[in-house]
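For reference, the structure is listed below as structure tokens.
What follows is calculated from the coordinates using simple rules that are stated; it is not laboratory data. If you're wondering where the values come from, they're calculated on a predicted model, not measured in any experiment. We place every Cβ from the backbone using ideal geometry, glycine too, and count neighbours over all the protein chains shown.
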Amino acid sequence: MGDLKSAKTLGGIGAILTLVGLGFIGFILKLLAVKNIAEATGRGEIFSKYLWAAVLGVISDLVLILAFIGSMGSMTSESPEQVIGTIGIGGLFAVLLLILGMWFMKQSYDMISEETGVGTFHTAALLYIFGAILMIVVIGAFLILIAAILEIIAFFSLPDELEKPIEEPAPI
């Protein structure tokens with residue numbers, strides 16, 4: 001069974017590592033944290049939505065890398081328009097995948113917020129999705145930075161355990 005106390009630690013450290021540039025390690029720790037939260041709350045969809053977000057984020061990164069690699073092959077043809085076009089189309093496709101991934105992450109974080117009572121997850125998710133949308137005009141990077149800081153706060157704000165609903169005694 002998942003444990004919120006370990007989710008708090010794993011998620012918080014993972015979010016910090018992601019923010020300081022150790023993204024892959026942080027990514028794995030946050031994935032484990034969300035899995036623990038899903039198990040602790042009994043809502044498997046929390047993890048499945050986050051997993052979709054993670055997969056789309058990785059694909060988005062790969063598309064961007066492939067666009068840059070593909071544009072390098074175009075540089076020898078002495079056509080700057082082709083280089084810019086390859087990077088532009090690849091970048092646009094990567095941003096669209098990122099937006100879709102952030103939508104899944106928002107759904108996951110909204111469920112976490114609902115189940116744990118930590119509203120900072122909802123705020124961080126909103127900033128992540130608006131940041132992803134606004135990446136097209138670069139200001140999104142600033143919003144994503146703020147969202148990453150709020151994500152750290154959200155993970156460390158998790159309770160150690162969920163409150164059990166009070167059972168009313170059965171009428172006699």
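Tabulated data for the structure shown
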read-out	value
For the chain: Kirkwood Rh in Å [reciprocal of mean 1/r, alpha carbons]	17.2 Å
Cα-centre dipole for the chain with unit charges at Cβ (Lys and Arg positive, Asp and Glu negative), debye to 20	260 debye
Listed residues Met135, Ser6, Leu31: farthest to the positive end of the dipole of the chain (Cβ charges)	Met135
Net dipole in debye of the stretch 1-98 [+1 Lys, Arg Cβ; -1 Asp, Glu Cβ; about Cα centre; nearest 20]	520 debye
Segment Phe142-Glu161, length gained on full extension (0.36 nm per residue, minus Cα span)	3.5 nm
